[in-house]
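The values are calculated or read from the model by the stated rules, or taken from the named source; none is laboratory data. Source: prediction; values computed, not measured. Every residue, glycine among them, receives a Cβ derived from its backbone with ideal geometry; neighbour counts consider all protein chains shown.
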Amino acid sequence: MLDTALTSLAGLPSFLAYFALAVVSVLVFVRLYSWVTPHDEFGLIRDNNPAAAVAFAGALIGFALPLSSAITHSMSLLDCAIWGLVALLVQVLTFFVSQLALRNLSQRITQGDIAAGIFSAGCSISVGMLNAACMTY
């Protein structure tokens, strides 16, 4: 029984390394995403703006989906970090394309327009799912 437990724990260093990379990647994504969007996600969320919370949650999920795929399929931490960067860029690009599809998206989110927040979240999650599925290497 002790041998089984020790064998299971043999993967702990890899788990910790990939988990740390994932946490750092999410923090970098949050910082970059909140920097490139015209509205202040955290300020709006602190002010109880549901549109901003929904839109930002969708962006986080849309990034986490391909990041989890990168973790699952990568050959190394560097490989995972590179594909995580791809996921980050795709998610940021998704916001800009969403702005083209729905005029004044950022302003509408700032004003608390829940439909705009849901649209933004839906775009982010949909693209994140497709991004994750394409990471099959």
Practice item. Kindly indicate whether Ala5 is touching a helix residue (DSSP H, G or I) at 6+ places or on another chain (Cβ under 9 Å), part of a helix (DSSP H, G or I) and either on the phi < 0 side of the Ramachandran plot or modelled with pLDDT under 95 (or both). Key: no
Practice item. List every residue pair whose Cβ atoms sit under 9 Å apart, with the two residues 6 or more apart in sequence or on different chains, where the first one lies in the range 59-75 and is of a type in the set (A, V, I, L, M) and the second, anywhere, is part of a loop (DSSP other than H, G, I, E, B). Key: Ala59/Thr37; Ala70/Met135; Met75/Tyr137
Revision key, fill the gap. Filter the range 88-99 for residues that are within 11 Å of Phe29 (Cβ to Cβ) and in contact (Cβ under 8 Å) with a residue 60 or more places away in the chain; the one that is surrounded by the fewest Cβ atoms within 10 Å (Cβ to Cβ) is Val92
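Looking at Arg31, is it buried (at least 19 other Cβ atoms within 10 Å of the Cβ), in a helix (DSSP H, G or I), of a type in the set (D, E, K, R) and modelled with pLDDT of 95 or more?
Values: buried (at least 19 other Cβ atoms within 10 Å of the Cβ): no; in a helix (DSSP H, G or I): yes; of a type in the set (D, E, K, R): yes; modelled with pLDDT of 95 or more: yes.
Here the answer is no, as Arg31 does not meet what is asked.
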